[in-house]
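Trainee: Take this structure, written in structure tokens, and hold onto it; I'll ask about it next.
The values are calculated or read from the model by the stated rules, or taken from the named source; none is laboratory data. Since this is a predicted model, take the numbers as computed values, not measurements. Here the Cβ positions follow ideal geometry from the backbone for every residue, glycine too, while neighbour counts run over all protein chains shown.
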Amino acid sequence: MNDYLLKHHFPEDLKTMDMDELELLSFEIRDFLVETVSRSGGHLASNLGVVELAIALHRTFDAPRDKLIWDVGHQSYVHKILTGRADQFDSLRQLDGLSGFPKRCESEYDVFDTGHSSTSIGLGLGMAIARDRAGEDYHVVSVIGDGAMTGGAAFEALNNAGQLNSDLIVVLNDNGMSIAPNTGGLSRHLVKLSSTEKYNALKASLKRGMSRLPVIGDDLVSGLQSAKDRIKYAVIEGIVFEELGFKYIGPVDGHNIKELCQVLEMARAIDGPVLVHTLTTKGKGYSHAEEQPDIFHGIGPFDPETGRPESGRKSPSWSGIAGQTLTELAEDDPRIIAVSAAMIDGTGMNVFRDRFPDRIFDTGIAEGHAATFAAGLAAAGDKPFVVVYSTFLQRAFDQILEDVCLQDLPVTFCLDRAGVVGADGETHHGIFDVSYLRAMPNLTLLAPADGEQLKEMLAFAAKWDGPCAIRYPRGEAKAIPGLPEFVRGKAQKLREGTDVSIWALGPLTAHALEAADILAEKGISASVVNIGTASPLDTALLEEDAASHRLIATIEDNVLSGGIGEAIGAHLNGGETKHLAFGWPDTFIEHGKADELYRRYAMDGQSVAERIAKELEGQA
């Protein structure tokens, strides 16, 4: 543990430290981040990039009275260190430990549970308006990255904020935009000048004086305003924010604490919405992260000396299989197009991008647009595959329903990170997709049990002339021997039994097989069925099993409400065969390793077997 960090009482001590001490603090924090994240894994590069910004924010503002909102939240580690949680970092992203995202239940300094992108400006605006209505006086600061600014929700909030004209400070953390020094210097100079009280008073006085001039006064004012606007459009990078009603300050060196503090103090004094544009380097101060910021954005445990991830994977990843397979299918079908929402590398589509750079499109953090864009491609004859994390596809519900399913278009949604994803927790678990996608007419919903079946399902989708979604988890795609060839709408009987038939969705088929082995040791005969197609469901095989078994059990990596178990239970309703459903309860599932969560919620093979045995004993 870093003694330097522990001996201070943050954030209060930041107010009295001089600039040299703050500079030393930035080095200590970076060393601490590399040390702790190398053991736990997490979002390293993004946090290394905001060290000085977080220090300046907590020095300038009086949190928790002033509200600091971190968009997405994967860059909140420094904020956590500066709000008294450094001593908890050994538990970072561990079961029952410190979250990798802001959590209101964790600290009063975390004013909102963030985890999805582009929401901080809207949240901040809501808090600012509530503050005004209550007659209170505190500052609201929304920190948003340049990637998150591509999301439509961010622009909607910017537009609304300019209209409402409440005091709100938006800090744009830009680690991807290149601005020429001369343009940036002139922009910074002009905005600093125009933000001073003396300049604003002089400008207002001059305008009033000229307006009083007979005959030419109003025309002269109008002409000068027009000239001013032309100059602004020519030289100020932030004109888009100015036109939305914000006072734009920047660009500012996001690694210069003194300059950041000066600019933030300036922003505090300005009435109405202000946007402070900071330039930062993702991975700053750790060479491996600076050279590979995409790899170190979200990384597992690694060697801090070499930057090399710990190796433990024995099977190929689900993402890697999806990317490679889709690339191979595209070799034979020029209509296949890949679409991603700012996650090409994370979903394994970098292979596709390298082979077909003109057939892959990154929409930015705009999942709804990605779905509609794909619908347009499909309507014009292409075969788009939208590859996105399950949790983020939730933001495109309406577009999937209205623009894809209603039109019955051949768009395939590849839902990476379906099910629990482990250490990222509530905001990132993909445990709702089965529930909302099964409700959509015309949509075929598939869940492969292993990597080979994922290949088969992708090949099917490439030929299918209608909407399709394929959900698969994070991590290793461990093989399940003996899987029959995939056929849409046909479940696969992997083991024959007489007492209970366990119907499993996707990779949880492995849990069902393990449970069947444990039950066999207890003298209980279990069938195992790989559902494969969640919609449409194989009701014919289900009815056969219901007639020949005392119990039907279902297991899925989805919430029970609206899931495959609920659908099977509804179909069995009125029959004599009992039904037992395994899935996630009606709550938000905490962070922790997937295996730990399965055990905690009785969804591992051992727990499934024990509950089935108990249920059958009760029937005897």
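Trainee: Taking residue 129 as the residue in question, decide whether it is surrounded by fewer than 20 Cβ atoms within 10 Å (Cβ to Cβ) and under 18 Å from residue 268 (Cα atoms). Working first, answer last.
Mentor: Details: surrounded by fewer than 20 Cβ atoms within 10 Å (Cβ to Cβ): yes; under 18 Å from residue 268 (Cα atoms): yes.
When the stated conditions are applied, residue 129 passes them.
This table checks each residue for (1) within 30 Å of residue 97 (Cα to Cα); (2) in contact with a Leu (Cβ under 6 Å, 6 or more places away or on another chain); (3) surrounded by fewer than 21 Cβ atoms within 10 Å (Cβ to Cβ).
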| position | (1), (2), (3) |
| --- | --- |
| 406 | no, no, yes |
| 413 | no, no, no |
| 418 | yes, no, no |
| 435 | yes, no, yes |
| 450 | no, no, no |
| 456 | no, no, yes |
| 461 | no, no, no |
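The rows are residues; the columns are (1) under 28 Å from residue 615 (Cα atoms); (2) part of a strand (DSSP E or B); (3) hydroxyl-bearing (Ser, Thr, Tyr).
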residue: 480; (1), (2), (3): yes, no, no
residue: 488; (1), (2), (3): no, no, no
residue: 493; (1), (2), (3): yes, yes, no
residue: 501; (1), (2), (3): yes, yes, yes
residue: 514; (1), (2), (3): yes, no, no
residue: 528; (1), (2), (3): yes, yes, no
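Trainee: May I ask you to list pairs of residues, at least six apart or on different chains, whose Cβ atoms are under 8 Å apart, with the first in segment 294-313 being of a type in the set (Lys, Arg) and the second being modelled with pLDDT of 85 or more and in a loop (DSSP other than H, G, I, E, B)?
Mentor: Filtered contacts from segment 294-313: 313/475.
Trainee: Taking segment 90-137 as the region of interest, how many residues are closer than 28 Å to residue 422 by Cα, in a loop (DSSP other than H, G, I, E, B) and acidic (Asp, Glu)?
Mentor: 5
Trainee: Of the residues that sit in segment 138-163 and are out of contact with any helix residue (DSSP H, G or I) (no Cβ under 7 Å at 6 or more places or on another chain), not charged (D, E, K, R) and not in a helix (DSSP H, G or I), which one is modelled with the highest pLDDT?
Mentor: 145
Trainee: Can you go through 532, 489 and tell me which one is surrounded by fewer than 16 Cβ atoms within 10 Å (Cβ to Cβ) and within 26 Å of residue 371 (Cα to Cα)?
Mentor: Numbers: 532 fails: surrounded by fewer than 16 Cβ atoms within 10 Å (Cβ to Cβ).
The conditions single out 489.
Trainee: Any residue in segment 576-587 that is modelled with pLDDT of 95 or more, assigned to a loop (DSSP other than H, G, I, E, B) and either buried (at least 20 other Cβ atoms within 10 Å of the Cβ) or of a type outside the set (Val, Ile, Thr) (or both)?
Mentor: Yes, segment 576-587 has at least one match.
Trainee: Can you tell me which of (1) surrounded by fewer than 20 Cβ atoms within 10 Å (Cβ to Cβ); (2) modelled with pLDDT under 95 is the one residue 62 doesn't meet?
Mentor: Looking at each condition in turn, residue 62 falls short on (2).
Trainee: For segment 499-507, state whether one or more residues are among the aromatic types (Phe, Trp, Tyr), touching a Leu at 6+ places or on another chain (Cβ under 6 Å) and crowded, with 23+ Cβ neighbours inside 10 Å. Before the answer, list the steps.
Mentor: As a first pass, look at segment 499-507 and keep what is among the aromatic types (Phe, Trp, Tyr): 503.
With touching a Leu at 6+ places or on another chain (Cβ under 6 Å) added as a condition, the list becomes none.
No - not one qualifying residue is present in segment 499-507.
Trainee: Shifting gears a bit: If you check residue 65 against the conditions, is it under 28 Å from the mean Cα position of the chain (by Cα), within 17 Å of residue 115 (Cβ to Cβ) and of a type in the set (Lys, Arg)?
Mentor: On the way: under 28 Å from the mean Cα position of the chain (by Cα): yes; within 17 Å of residue 115 (Cβ to Cβ): no; of a type in the set (Lys, Arg): yes.
Answer is no for this residue.
Trainee: While we're here: Residues that are buried (at least 19 other Cβ atoms within 10 Å of the Cβ), of a type in the set (Asp, Glu) and outside the structural domain of residue 448 (by TED's automatic domain parsing): does segment 540-548 have at least one? Give the derivation first.
Mentor: Here is the first cut: in segment 540-548, the residues buried (at least 19 other Cβ atoms within 10 Å of the Cβ) are 542, 545-546.
Next cut, of a type in the set (Asp, Glu) only: 545.
So of that shortlist, the ones also outside the structural domain of residue 448 (by TED's automatic domain parsing) come out as 545.
Yes.
Trainee: Only residues that are assigned to a helix (DSSP H, G or I), in contact (Cβ under 8 Å) with a residue 60 or more places away in the chain and of a type outside the set (Ser, Thr, Tyr): list them for segment 54-88, please. Give the derivation first.
Mentor: Going through segment 54-88, the residues assigned to a helix (DSSP H, G or I) turn out to be 54-60, 77-88.
Restricting the remaining residues to those that are in contact (Cβ under 8 Å) with a residue 60 or more places away in the chain gives 55-57, 59-60, 81-84, 86-87.
If the condition is that a residue be assigned to a helix (DSSP H, G or I), in contact (Cβ under 8 Å) with a residue 60 or more places away in the chain and of a type outside the set (Ser, Thr, Tyr), then 55, 56, 57, 59, 81, 82, 84, 86, 87 are the ones that fit.
Trainee: Further question: On the given criteria, is residue 479 within 17 Å of residue 336 (Cβ to Cβ) and either touching a Ser or Thr at 6+ places or on another chain (Cβ under 8 Å) or surrounded by 20 or more Cβ atoms within 10 Å (Cβ to Cβ) (or both)? Even if it seems obvious, please write down each step before you answer.
Mentor: Numbers: within 17 Å of residue 336 (Cβ to Cβ): no; either touching a Ser or Thr at 6+ places or on another chain (Cβ under 8 Å) or surrounded by 20 or more Cβ atoms within 10 Å (Cβ to Cβ) (or both): yes.
Criteria not met by residue 479.
Trainee: Return the residue satisfying two criteria in turn: it lies in segment 280-328 and is touching a strand residue (DSSP E or B) at 6+ places or on another chain (Cβ under 9 Å) and assigned to a helix (DSSP H, G or I), and of such residues it is nearest to residue 459 (Cα to Cα).
Mentor: My answer is 326.
Trainee: Before we move on, is residue 553 aliphatic (A, V, I, L, M) and assigned to a loop (DSSP other than H, G, I, E, B)?
Mentor: Working: aliphatic (A, V, I, L, M): yes; assigned to a loop (DSSP other than H, G, I, E, B): no.
So residue 553 does not fit the description; no.
Trainee: Sticking with this structure for a sec: So which residues in segment 556-570 are aliphatic (A, V, I, L, M) and assigned to a loop (DSSP other than H, G, I, E, B)?
Mentor: Here is the first cut: in segment 556-570, the residues aliphatic (A, V, I, L, M) are 559-560, 564, 567-568, 570.
Selection gives 560 alone.
Trainee: Please identify the pairs in which a residue from segment 562-575 that is under 15 Å from residue 432 (Cβ atoms) has its Cβ atom under 7 Å from the Cβ atom of a residue that is in a helix (DSSP H, G or I), counting only partners at least 6 apart or on another chain.
Mentor: 562/435; 563/434; 563/435; 564/434
Trainee: Could you list, in sequence order, all residues of segment 409-464 that are in contact (Cβ under 8 Å) with a residue 24 or more places away in the chain, assigned to a helix (DSSP H, G or I) and farther than 30 Å from residue 118 by Cα? So that I can check it myself, show each step before the final result.
Mentor: First pass over segment 409-464, keeping only residues in contact (Cβ under 8 Å) with a residue 24 or more places away in the chain: 409-462, 464.
The next check asks that each one be assigned to a helix (DSSP H, G or I); those that pass are 433-437, 451-462.
Across segment 409-464, the qualifying residues are 451, 452, 453, 454, 455, 456, 457, 458, 459, 460, 461, 462.
Trainee: A further question follows. Within segment 315-335, can you find the residues that are buried (at least 24 other Cβ atoms within 10 Å of the Cβ) and not aromatic (Phe, Trp, Tyr)? Steps first, please.
Mentor: Restricting attention to segment 315-335, the residues satisfying the condition of being buried (at least 24 other Cβ atoms within 10 Å of the Cβ) are 318-319, 322-323, 326.
Across segment 315-335, the qualifying residues are 319, 322, 323, 326.
Trainee: May I ask you to say which residue of 245, 283, 250, 272 is crowded, with 21+ Cβ neighbours inside 10 Å and either within 23 Å of residue 158 (Cβ to Cβ) or free of Cβ contacts under 8 Å to residues at least 40 places away in the same chain (or both)?
Mentor: Working: 245 fails: crowded, with 21+ Cβ neighbours inside 10 Å; 283 fails: either within 23 Å of residue 158 (Cβ to Cβ) or free of Cβ contacts under 8 Å to residues at least 40 places away in the same chain (or both); 272 fails: crowded, with 21+ Cβ neighbours inside 10 Å.
Of the residues listed, the single one that is crowded, with 21+ Cβ neighbours inside 10 Å and either within 23 Å of residue 158 (Cβ to Cβ) or free of Cβ contacts under 8 Å to residues at least 40 places away in the same chain (or both) is 250.
Trainee: Can you spot a residue in segment 539-549 that is assigned to a helix (DSSP H, G or I), of a type in the set (Val, Ile, Thr) and under 26 Å from residue 473 (Cα atoms)? Give the derivation first.
Mentor: Of segment 539-549, the ones assigned to a helix (DSSP H, G or I) are 539-548.
Retained after the next criterion (residues that are of a type in the set (Val, Ile, Thr)): 539.
So of that shortlist, the ones also under 26 Å from residue 473 (Cα atoms) come out as 539.
Yes, that holds for at least one residue.
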